[in-house]
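Let me begin by presenting the structure, written as structure tokens, before commenting on it.
Throughout, read-outs are computed from the coordinates displayed, never taken from laboratory work. Keep in mind that what you see is a predicted model, and the values were worked out from it rather than measured. Glycine also receives a Cβ, built like all others from the backbone with ideal geometry; neighbour counts cover every protein chain displayed.
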Amino acid sequence: MDCCRRGNMRRTMIRARSLALDVRYNNAPFAGQVGGEIESLTYIDSAADNSDSIDITLDAQDGKWLRGWLPEKGATLRPRIRGYNWEAQGDRRIIECGLFVLDDVSFSDAPTTLQIGGVSKPSDSDFSELERETIWKNTSIKRIGETIAGRYGLAFTYDADDYDIECDEQDGTDSGYYNQLCKNYGLILKVYARRLWVYDREKYKAKRAVRTFDRSQIRPGSFGYTATLSGTYTGGYFNYTDADKDIDIECSVGGGSHTKSVNRRATSVYDASVQLCAELNSANHGTVKLRFGVDGDWRVSAGNCIALTGFGNLNGKYFVDKVTHKVTNSGLTTDFECSGIGPAFHSWDVGGKIVYHEKTADSGVSYDSTYATTSPAAGAASAAAGGEAGQAITLNKAPLYVSSTAKNKAGTKTGTYWLYDGILINGRYRVTNSAARCGKLPVGQNVTGWVPASYCIASEEAKK
């Protein structure tokens, strides 16, 4: 659909600027059919987390919109914004907005308007709605992405270092799982024009600015700057206990008064270092925020860097988180949301080690890596349940968990065991396979795992 919007002449010898909107609906062009019925188009280009989106408002007074032209949810839209004579006569510009799945249709009367909106996600809803339980073994983040993209016929672009995945459990949608996996390693997942695109945000921040904006170019009243430097992390620690290998993985970076602790699965010091830096860099992103608007800009996309001048101490390079293009009768405007670029944490700056536990008799499948304390209320609940440290219990195919909150069991246990500390947490007790280990530290070498209280039956020996 074509719709021309007239702008102001920059030079008398140049023809007036003009804009055109082209939209393909289910791969069929609207161009030449709808024409001036388009009242506005808003295209939001996001660098991370949120899908790109498109919103179009149409003058729907023509009865054709209710007699067969009304778009259906799930249809695909491919809009383009085109500009003519922008900087000079014959100068042509174009913004490819991408491919969108129509997910919102709204019709209203007096005035009669039709609003349609779409998001840049695969038309196959399984990508973001189907829950999967999958174990990924001996693979990598890139290969997992290729597999997921292939399920939906999507193209795949990977612009980052790849990281090995020894074993990881997916319990959720492909969209949610892969997005979180990428985040754990400091990578950003974006869906654009039937393509999954993965990139390293910190490396993109190191690229040159694609555009410089001076204070004189910024639309009056649109500028805003905020800084929350007090929330910036100055360092962090990573601790993970691998029960199967009977080791602790520990590493740290930075220091200072504001540090962040991370505790999740890692397979090596390097793996832990990458995840620790990813967590810190992600937390620090956005502590300095910048927003402003300009008359239509064609050159900057989300994920680029821009430079700011004319603002004194605020001058410098910024990472573009979001770009909003809006076309109306008044022309084209572009608004930016950006984040400041500061020093990043890198895996090669991290110091770490692997601590091997002393070899002892088999203490079971797994255990918590820290010694949990409990409140008086929890202690009272333990006493009411009859649990006492050192109490002998008999287990019969009792489910064994790695922690008091783990959803999936690590195995089952049958036989005589002992309550490690008699503390009831979330309906579970720590148990151990030797009375001599009750209350003994470190916890990791002496606890077999967590068992639901309902399976902890006092043994005949304890009843005497």
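In this structure the amide hydrogen of Ile165, modeled in the peptide plane, comes within under 5 Å of the amide hydrogens of Thr139, Ser140, Ile141, none closer than 5 places in sequence on its chain. Which residues does a label at Glu87 reach in the range 271-300, if reach means a backbone N under 18 Å from a point 7 Å past the Cα toward the Cβ? Only 294-300 pass the distance filter.
Projecting label points 7 angstrom from Cα along Cα→Cβ for Ser454 and Asp59 puts them 6.7 nm apart.
Across the range 336-349, rounded Karplus estimates of 3J(HN,Hα) from the backbone phi angles (6.51 cos²θ - 1.76 cosθ + 1.60, θ = phi - 60°) give 10, 10, 10, 10, x, 10, x, x, 9, 8, 10, 4, 6, 8 Hz, Gly and Pro being marked x. Answer with one residue from Val451, Leu99, Ser40: the one whose Cα lies farthest towards the positive end of the charge dipole of the chain, charges on Cβ with Lys, Arg +1 and Asp, Glu -1. The one lying farthest along the dipole's positive direction is Ser40. When we measure straight from the Cα of Lys413, which aspartates and glutamates land under 15 angstrom away, once same-chain ones fewer than 8 places off are left out? In chain and number order, the partners are Asp362.
Just need the relative contact order of the range 61-213 here, percent rounded to a whole number, with Cα pairs under 8 Å and 6+ apart. Kindly include the intermediate steps, with their values, before the conclusion.
Numbers: 239 pairs, mean separation 28.3, N = 153.
Value for the range 61-213: 18 percent.
Which whole-angstrom value gives the distance between the alpha carbon centres of the range 45-97 and the range 184-228? Taking the Cα centre of the range 184-228 as reference, the centre of the range 45-97 is 22 Å away. Taking the charge dipole of the range 116-235 about its Cα centre, with +1 at Lys and Arg Cβ atoms and -1 at Asp and Glu Cβ atoms, the residue from Leu154, Val191, Thr212 reaching farthest to the positive side is Thr212. Hydrophobic long helices, here whole DSSP H runs in the chain with Kyte-Doolittle means of at least 0.0 and Cα atoms spread over 20 Å or more along the helix axis, are found at 269-284. Couplings 3J(HN,Hα) of the range 329-334, computed from phi: 4, 7, x, 10, 10, 10 Hz, in residue order, whole Hz [Karplus 6.51 cos²θ - 1.76 cosθ + 1.60, θ = phi - 60°; x for Gly and Pro].
Couplings for the range 398-404, taken from phi via the Karplus curve 6.51 cos²θ - 1.76 cosθ + 1.60 with θ = phi - 60°, read 6, x, 10, 10, 7, 7, 6 Hz in order; Gly and Pro are left as x.
Could you give the length gained on full extension between Ala227 and Arg291, defined as 0.36 nm per residue of separation minus the Cα-Cα distance, in nm?
Going from the current span to full extension adds 21.8 nm.
If I take every Cα pair under 8 Å that is 6 or more residues apart in the chain, average their sequence separation and divide by the length, what percent do I get for the relative contact order?
Working: 1070 pairs, mean separation 53.1, N = 464.
Relative contact order of the chain: 11 percent.
Full extension of the chain segment joining Asp244 with Cys167 gains 26.5 nm, where the gain is 0.36 nm per residue of separation less the Cα-Cα distance.
A Förster radius of 45 Å combined with the Cβ-Cβ distance from Arg219 to Lys407 puts the calculated FRET efficiency at roughly 0.35. The order of the peptides 64-71, 166-173 by mean Cβ neighbours within 10 Å, most packed first, is 166-173, 64-71.
Residues whose amide H falls under 5 Å from that of Thr412, counting only those 5 or more places apart or on a different chain, are Leu400, with hydrogens built in the peptide plane. Sequence-distant contacts, meaning Cα pairs under 8 Å at least 6 residues apart, place the relative contact order of the range 233-339 at 22 percent. Calculated from the structure at hand, mean projected area of the Cα convex hull in nm² is found among (i) 29.6; (ii) 19.9; (iii) 25.9 as (i).
Divided by 2.2 N^0.38 Å, where N counts the residues, the Cα radius of gyration of the range 232-322 comes to 1.53.
Dipole magnitude for the chain: computed about the Cα centre from +1 point charges on Lys and Arg Cβ and -1 point charges on Asp and Glu Cβ, it is near 1100 debye.
Here Lys205 is the anchor, and the lysines within straight C-alpha reach of less than 18 Å, apart from those fewer than 8 places off in the same chain, are Lys183, Lys190, Lys289, Lys317, Lys322.
Distance between the modelled labels on Asn396 and Ser125, one decimal in nanometres: 4.6 nm (7 Å Cα→Cβ projection).
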